[in-house]
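J.: Have a look at this one before I ask anything.
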Amino acid sequence: IYYYEKGFRANKFGIPAGVFSGGTLPEKVEAFYNQNISKALALEGFQAIKNFYNGNGAVSLRQYISEVSTEEYSELSTDILDQFNIAENLINDLNENFYNQILTDNIKVLETYDAIQQGTILLKTDMLSVLQIPTDYVDADGD
């Protein structure tokens, strides 16, 4: 969850798009000196997140959530995967160069950030509740 929230959501999208500051910070995109790989790096990171969640051939977090979910959270494993797919589609709609994307149409980056944030809520709140795991780190970004 920590990587999803901080390394992926905040570092690749939120900080450069200006979510945590008074304005955009396009110079904070990953691979600033090779900007044409911003999207590829984001998709690679997201694929790693999805592989971890889906198990990539092993027993998966997704399966475990399905097994232990209460009636209230019976669709949680699917909801998480659906939210991942929404976020991935939005990432795919971005320019290969996030620096240019932020300068020309930052709204798309902010929309992508928001979709990823919805996944953060599902993972950090609902999933941890189902798994009966207390949150062991603190942040103050409003989720």
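The values are calculated or read from the model by the stated rules, or taken from the named source; none is laboratory data. Please read all numbers here as calculations on a predicted model, not as lab measurements. Cβ coordinates were reconstructed from backbone atoms using ideal geometry, including for glycine residues, and neighbour counts include every protein chain displayed.
J.: Do we have Y73 as among the hydroxyl-bearing types (S, T, Y) and within 16 Å of T125 (Cα to Cα) here?
T.: yes
J.: For T112, indicate whether it is at pLDDT 95 or above, among the polar types (S, T, N, Q) and either in contact with a Leu (Cβ under 8 Å, 6 or more places away or on another chain) or surrounded by fewer than 19 Cβ atoms within 10 Å (Cβ to Cβ) (or both).
T.: In short, yes.
J.: Out of all the residues in the stretch 70-90, is one or more closer than 18 Å to L128 by Cα and of a type in the set (G, A, S)?
T.: yes
J.: Regarding Q117, is this residue assigned to a helix (DSSP H, G or I), in contact (Cβ under 8 Å) with a residue 24 or more places away in the chain, at negative phi and among the polar types (S, T, N, Q)? Reasoning before the result, please.
T.: Working: assigned to a helix (DSSP H, G or I): yes; in contact (Cβ under 8 Å) with a residue 24 or more places away in the chain: yes; at negative phi: yes; among the polar types (S, T, N, Q): yes.
In short, yes.
J.: Further, regarding this structure: Just wondering, is there one or more residues in the stretch 42-58 that are among the acidic types (D, E) and exposed (fewer than 13 other Cβ atoms within 10 Å of the Cβ)?
T.: Yes, that holds for at least one residue.
J.: Which residues, counting only those in the stretch 7-44, are farther than 16 Å from L103 by Cα, touching a residue at least 40 places away in the same chain (Cβ under 8 Å) and of a type outside the set (F, W, Y)?
T.: Answer for the stretch 7-44, where residues must be farther than 16 Å from L103 by Cα, touching a residue at least 40 places away in the same chain (Cβ under 8 Å) and of a type outside the set (F, W, Y): R9, A10, I37, A40, A42, L43.
J.: Then there's this: When the stretch 59-85 is examined, which residues are found to be in contact (Cβ under 8 Å) with a residue 40 or more places away in the chain, exposed (fewer than 14 other Cβ atoms within 10 Å of the Cβ) and not aliphatic (A, V, I, L, M)?
T.: T70
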